[in-house]
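These notes are about the structure you will find just below.
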Amino acid sequence: MKIAFIGLGNMGYPMAGHLAAHGHDVTVYNRTVAKADAWLKQHGGHKASTPAEAAAQAEVVFTCVGNDDDLSQVVLSETGIIQGMTPGSVLVDHSTVSATLSRDLANTLKGGGMAFADAPVSGGQQGAQRGQLSIMCGAEENVFARIEPLLASYGKAVVRMGNVGSGQLTKMVNQICVAGLIEALAEGLHFAEKAGLDTGKAMQVIGQGAASSWQLVNRHATMLADEYNHGFAVDWMRKDLDLCLEEAAGLGISLPVTRQVNDFYREIQAMQGGRWDTSSLLRRLKQS
Ligand code: NAP
């Protein structure tokens, strides 16, 4: 298939690589050109100088950028995807953004005979590199049927949640669940260290029991080593938790732990840790 991929960051770079490895004809665009050049050197394919140019030949266009403003810019600006997309093509967005923007973009594209799917992911940079992402998708059924085989090239779970917007709402559930979990893990590690336990050993034993989690299994060792360069930045988590809290306010419910952890991440940003990964909650605890 002819594919365009816009946004070769921690996540997009390996995802686009899996599409190329599965034999698709991939044209990439990245704002910082050096990343597109590195990708081309590794995977072949083509490079475009604007998102519109990348989208012009594509049957399916993928985006994996930052926040609502970034996605609006790459889709709707004068050199944006919408200027290049042709009727019958589909835009699949892997960024974590608001459900409202996803629905708005779907409506805008529909007017031009194009379709949209929100397909946020979970599994981190490691999951993207290994092709083991969990992908929660909001799309009309016929659109999902067209894109599912492409998503399967880097997804271990690819699930249609409903129509456009439902993927982003599901990702919010994911972030609500994860936020409190990482803080609890940080507190457990902090406690274990202060109590003079062998922390690695403690994690090994409780990791076999009810306290186990993806975060515990994949992050405890790096947290103990004070390494916080694992791809999912605090700045992005702040964006995600703001989205959760905004959506919750609309639903008339409160999310007390999510709100608290969001405030902790705000403190980490003030420590110049916006690009540290989300497990840096332990560093905050140690310094507070
Ligand atoms: P990242 O490493 O910071 O990469 C962001 C990408 O978007 C870069 O290619 C960047 O281009 C591009 N971009 C951002 N704003 C842009 C704009 N206004 N115009 C054009 N290009 C723009 O981020 P990431 O970690 O890959 O995350 C991408 C998305 O996936 C985010 O929405 C994030 O919340 C979500 N996500 C991330 C993870 C994770 O573990 N990292 C997991 C799940 C979901 P430049 O190279 O020029 O900066």
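A few notes on this one:
- Looking across region 262-277, the residues that are within 14 Å of the ligand (Cβ to nearest atom) and open to solvent by less than 30 Å² (accessible area, probe 1.4 Å) come down to 265, 274, 277.
- Any chance residue 213 is surrounded by 14 or more Cβ atoms within 10 Å (Cβ to Cβ), assigned by TED's automatic domain parsing to the domain that holds residue 39 and either free of Cβ contacts under 8 Å to residues at least 40 places away in the same chain or not charged (D, E, K, R) (or both): no
- In region 1-24, the residues that are in contact with a strand residue (DSSP E or B) (Cβ under 9 Å, 6 or more places away or on another chain) and surrounded by fewer than 16 Cβ atoms within 10 Å (Cβ to Cβ): 1, 2
- Of the residues making up region 98-115, those that are within 16 Å of the ligand (Cβ to nearest atom) and either at pLDDT below 95 or not polar (S, T, N, Q) (or both) number 3.
- Filter result (of a type outside the set (Val, Ile, Thr), in a helix (DSSP H, G or I) and either surrounded by fewer than 23 Cβ atoms within 10 Å (Cβ to Cβ) or in contact (Cβ under 8 Å) with a residue 40 or more places away in the chain (or both)) within region 25-38: 34, 35, 37, 38
- Taking (1) surrounded by fewer than 16 Cβ atoms within 10 Å (Cβ to Cβ); (2) within 15 Å of the ligand (Cβ to nearest atom); (3) assigned to a loop (DSSP other than H, G, I, E, B); (4) not hydrophobic (A, V, I, L, M, F, W, C) in turn, residue 69 satisfies each apart from (3).
- Counting the residues of region 224-238 that are touching a residue at least 24 places away in the same chain (Cβ under 8 Å), open to solvent by less than 60 Å² (accessible area, probe 1.4 Å) and away from the ligand (no atom under 16 Å from the Cβ) gives 1.
- Qualifying residues in region 262-287 (those that are part of a helix (DSSP H, G or I) and more than 23 Å from residue 194 (Cα to Cα)) - the one farthest from the chain's Cα centre (by Cα): 270
- Test result for residue 241, of a type in the set (A, V, I, L, M), within 16 Å of the ligand (Cβ to nearest atom), in a helix (DSSP H, G or I) and open to solvent by less than 40 Å² (accessible area, probe 1.4 Å): yes
Residue-by-condition table, conditions (1) within 16 Å of the ligand (Cβ to nearest atom); (2) open to solvent by less than 30 Å² (accessible area, probe 1.4 Å); (3) modelled with pLDDT under 95:
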{"residue": "201", "(1), (2), (3)": "no, no, no"}
{"residue": "205", "(1), (2), (3)": "no, no, no"}
{"residue": "209", "(1), (2), (3)": "no, no, no"}
{"residue": "218", "(1), (2), (3)": "yes, no, yes"}
{"residue": "221", "(1), (2), (3)": "no, no, no"}
{"residue": "246", "(1), (2), (3)": "yes, no, no"}
{"residue": "260", "(1), (2), (3)": "no, no, no"}
{"residue": "279", "(1), (2), (3)": "yes, yes, no"}
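- Condition broken by residue 170, with the remaining ones in (1) open to solvent by 30 Å² or more (accessible area, probe 1.4 Å); (2) more than 28 Å from residue 234 (Cβ to Cβ); (3) of a type in the set (S, T, N, Q) satisfied: (2)
- For region 129-143, the condition of being in contact with a Lys or Arg (Cβ under 8 Å, 6 or more places away or on another chain), assigned to a helix (DSSP H, G or I) and surrounded by fewer than 21 Cβ atoms within 10 Å (Cβ to Cβ) holds for at least one residue.
- Within this structure, residue 41 fails the test of being charged (D, E, K, R) and either under 14 Å from residue 6 (Cα atoms) or open to solvent by less than 30 Å² (accessible area, probe 1.4 Å) (or both).
- Residue match in region 225-234 (condition: part of a helix (DSSP H, G or I) and out of contact with any strand residue (DSSP E or B) (no Cβ under 9 Å at 6 or more places or on another chain)): no
The values are calculated or read from the model by the stated rules, or taken from the named source; none is laboratory data. This structure is a prediction, so every number in the text was calculated from the model and none was measured. Note that each Cβ is placed from the backbone with ideal geometry, even for glycine, and that neighbours are counted across all protein chains shown. Note: accessible area is taken over every heavy atom of the protein model, side chains too, but ligands, DNA and RNA are not part of it. Shrake-Rupley method; radii C 1.70, N 1.55, O 1.52, S 1.80 Å.
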